[in-house]
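For reference, the structure is listed below as structure tokens.
The values are calculated or read from the model by the stated rules, or taken from the named source; none is laboratory data. These numbers were taken from a predicted model, which means no experiment stands behind them. Here Cβ is always computed from backbone atoms with ideal geometry, including for glycine, and neighbour counts include all displayed protein chains.
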Amino acid sequence: MAAQTEESDCAREQTKAEQDVDQVRQRAARDQQRLDSGAITSPKDLENLQREIASLAKRQGDLEDVVLEVMERRESAQERVAELTERVGSVQAKIDDATARRDAAFESLDGEAASVTKEREVIAGSVPADLLKLYDKLREQQGGIGAAKLYQRTCQGCRQELAITELSEIRAAAPDTVVRCENCRRILVRTSESGL
């Protein structure tokens, strides 16, 4: 915006400077016409008119220098506007690309969440109600994770290695018994990699 404003200010300044040059040029042309017509016969008036024509020529030269300087500034401002416009376009393209990727990712995640939710409903239907209630309660307390895998004698929920006495109790428990970690209280899921 600043570059566009500067360019438009230069355009106005250039137009005004060109109008000033045209006025001086027209006045000098009128004076030259009067001088060439021979209507002025007084030597003093002729001398004054010639002096004014010379003064107007100098003024016209000065104003033309101003026009050139303004044109250079305007050209520089136009280049800056073009450069910035190109950069804005490039950034906007990156934003559009990132937005499209984000939207695609959201769509994929929404589809995945719907699929997982359906799977959970099917599995939850086969789990005893009291165990499901305990799991949901623990999940709420433990930041979304109510059960953790027991891997090589370590609870994967709190990353703590279980004590030997605790491991002995878990070894002795029946396969369908619900066992919990003494540290984080999550339900422990036993596998062949539990280290029991």
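Answer yes or no as to whether residue 51 is more than 30 Å from residue 4 (Cβ to Cβ) and loosely packed, with under 12 Cβ neighbours inside 10 Å.
Working: more than 30 Å from residue 4 (Cβ to Cβ): yes; loosely packed, with under 12 Cβ neighbours inside 10 Å: yes.
The answer is yes for residue 51.
Filter the stretch 166-190 down to the residues that are of a type in the set (S, T, N, Q) and within 48 Å of the chain's Cα centre (by Cα) and list them by number.
Step one: of the stretch 166-190, the residues of a type in the set (S, T, N, Q) are 168, 177, 183.
Residue satisfying the conditions is 183 alone.
Quick grid of which residues meet (1) hydroxyl-bearing (Ser, Thr, Tyr); (2) under 24 Å from residue 10 (Cα atoms); (3) assigned to a helix (DSSP H, G or I); (4) more than 60 Å from the chain's Cα centre (by Cα):
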{"site": "23", "(1), (2), (3), (4)": "no, yes, yes, no"}
{"site": "27", "(1), (2), (3), (4)": "no, no, yes, no"}
{"site": "31", "(1), (2), (3), (4)": "no, no, yes, yes"}
{"site": "47", "(1), (2), (3), (4)": "no, no, yes, yes"}
{"site": "50", "(1), (2), (3), (4)": "no, no, yes, yes"}
{"site": "64", "(1), (2), (3), (4)": "no, yes, yes, no"}
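Count, please, the residues in the stretch 109-155 that happen to be in a helix (DSSP H, G or I) and exposed (fewer than 15 other Cβ atoms within 10 Å of the Cβ).
26
Based on this model, can you work out whether residue 56 counts as touching a helix residue (DSSP H, G or I) at 6+ places or on another chain (Cβ under 7 Å), in a helix (DSSP H, G or I) and assigned by TED's automatic domain parsing to the domain that holds residue 13?
yes
Looking only at the stretch 11-19, decide whether some residue is exposed (fewer than 14 other Cβ atoms within 10 Å of the Cβ), over 39 Å from the mean Cα position of the chain (by Cα), part of a helix (DSSP H, G or I) and in the same structural domain as residue 85 (by TED's automatic domain parsing).
Scanning the stretch 11-19, I find at least one residue that is exposed (fewer than 14 other Cβ atoms within 10 Å of the Cβ), over 39 Å from the mean Cα position of the chain (by Cα), part of a helix (DSSP H, G or I) and in the same structural domain as residue 85 (by TED's automatic domain parsing), so the answer is yes.
Hey, any hits in the stretch 98-114 for a residue that's modelled with pLDDT of 90 or more, among the small types (Gly, Ala, Ser) and within 30 Å of residue 185 (Cα to Cα)?
There is at least one residue in the stretch 98-114 that is modelled with pLDDT of 90 or more, among the small types (Gly, Ala, Ser) and within 30 Å of residue 185 (Cα to Cα).
Pairs, please: C-beta under 8 Å, at least 6 apart or cross-chain, first residue within 17 Å of residue 27 (Cα to Cα) and in the stretch 41-52, second surrounded by 13 or more Cβ atoms within 10 Å (Cβ to Cβ)?
Listed by first residue and then by second, the contacts come to 46/35; 46/40; 49/31; 49/34; 49/35; 49/40; 50/35; 52/31.
Right, residue 123: in contact with a helix residue (DSSP H, G or I) (Cβ under 7 Å, 6 or more places away or on another chain) and either free of Cβ contacts under 8 Å to residues at least 60 places away in the same chain or within 17 Å of residue 180 (Cα to Cα) (or both) or not?
Criteria not met by residue 123.
Please go through the stretch 156-196 and pick out each residue that is hydrophobic (A, V, I, L, M, F, W, C) and not in a loop (DSSP other than H, G, I, E, B).
Matches in the stretch 156-196: 164, 167, 170, 172, 179, 187, 188, 189.
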